[in-house]
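Everything on this sheet refers to the single structure shown next.
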């Protein structure tokens with residue numbers, strides 16, 4: 001079992017960079033094998049995009065220590081507070097190539113998790129295709145915030161998937177269809193290693209927990 005887990009686990013940074021595009025779940029026919037053959041050769045399936053968030057308003061918390069820029073090897077994670085909200089704008093990627101997301105910090109029992117969803121759909125897209133995309137969610141477990149941000153991406157052990165509602169897209173795509181309540185129960189029930197992949201560490205580059213705010217983007221997905 002350990003060999004299986006090691007084979008399908010993926011470094012956190014590489015996972016995020018190569019799956020950011022899939023946080024919008026396309027309902028059209030996507031050829032995962034051709035588009036992402038590099039990842040598919042290393043994994044049995046995608047770590048998972050969820051139709052539903054991991055939280056209700058009762059589990060949302062805000063932690064100023066998360067604010068700032070974290071990163072390694074030129075790849076940055078920049079968290080700023082969304083004005084008037086207990087959630088963050090997350091700018092992900094290298095300078096000039098950043099993608100924007102909404103990040104919500106979630107507390108389940110004694111666990112801290114981050115729910116990441118798209119900040120907005122492309123406002124310049126006017127064709128029918130834009131209506132065929134559903135905003136999805138990716139989840140991360142926060143092991144610590146300081147002095148380094150240590151997080152683990154959701155990457156379920158194949159042996160646990162029978163207890164979680166999901167659909168497979170072709171050979172590699174994993175779409176989690178469980179409700180918010182079912183997701184919370186799943187995360188609480190299983191061990192960290194059964195639900196989450198390997199730990200990634202990101203050093204602080206700037207911010208120091210200062211309460212930096214950004215305005216909500218037009219067309220965003222109504223963060224908390």
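The values are calculated or read from the model by the stated rules, or taken from the named source; none is laboratory data. Quantities reported herein were computed from a predicted structural model and do not represent experimental measurements. Please note: Cβ atoms are built from the backbone with ideal geometry, for glycine as well, and neighbour counts cover all protein chains shown.
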Test: residue 83 is over 16 Å from residue 149 (Cβ atoms) and either over 16 Å from the mean Cα position of the chain (by Cα) or at pLDDT 95 or above (or both): yes
Residue match in the stretch 206-213 (condition: at pLDDT 85 or above, within 16 Å of the chain's Cα centre (by Cα) and either part of a loop (DSSP other than H, G, I, E, B) or within 26 Å of residue 67 (Cβ to Cβ) (or both)): no
The stretch 159-195 - residue that is closer than 19 Å to residue 109 by Cβ and touching a residue at least 60 places away in the same chain (Cβ under 8 Å) and, of those, surrounded by the fewest Cβ atoms within 10 Å (Cβ to Cβ): 188
Residue check for residue 105: in contact with a helix residue (DSSP H, G or I) (Cβ under 8 Å, 6 or more places away or on another chain) and buried (at least 16 other Cβ atoms within 10 Å of the Cβ): yes
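Matching residues to (1) modelled with pLDDT under 90; (2) in a helix (DSSP H, G or I); (3) under 27 Å from residue 88 (Cα atoms):
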residue	(1), (2), (3)
171	yes, no, no
174	yes, no, yes
182	no, yes, yes
188	no, yes, yes
204	no, no, yes
Matching residues, the stretch 134-150, being within 22 Å of residue 175 (Cβ to Cβ) and touching a helix residue (DSSP H, G or I) at 6+ places or on another chain (Cβ under 9 Å): 135, 136, 137, 138, 139, 140, 141
Subset of the stretch 144-158 that is over 19 Å from residue 110 (Cα atoms) and crowded, with 22+ Cβ neighbours inside 10 Å - its residue that is farthest from the chain's Cα centre (by Cα): 156
Some residue of the stretch 120-137 being over 17 Å from residue 53 (Cα atoms) and either modelled with pLDDT of 85 or more or assigned to a strand (DSSP E or B) (or both): no
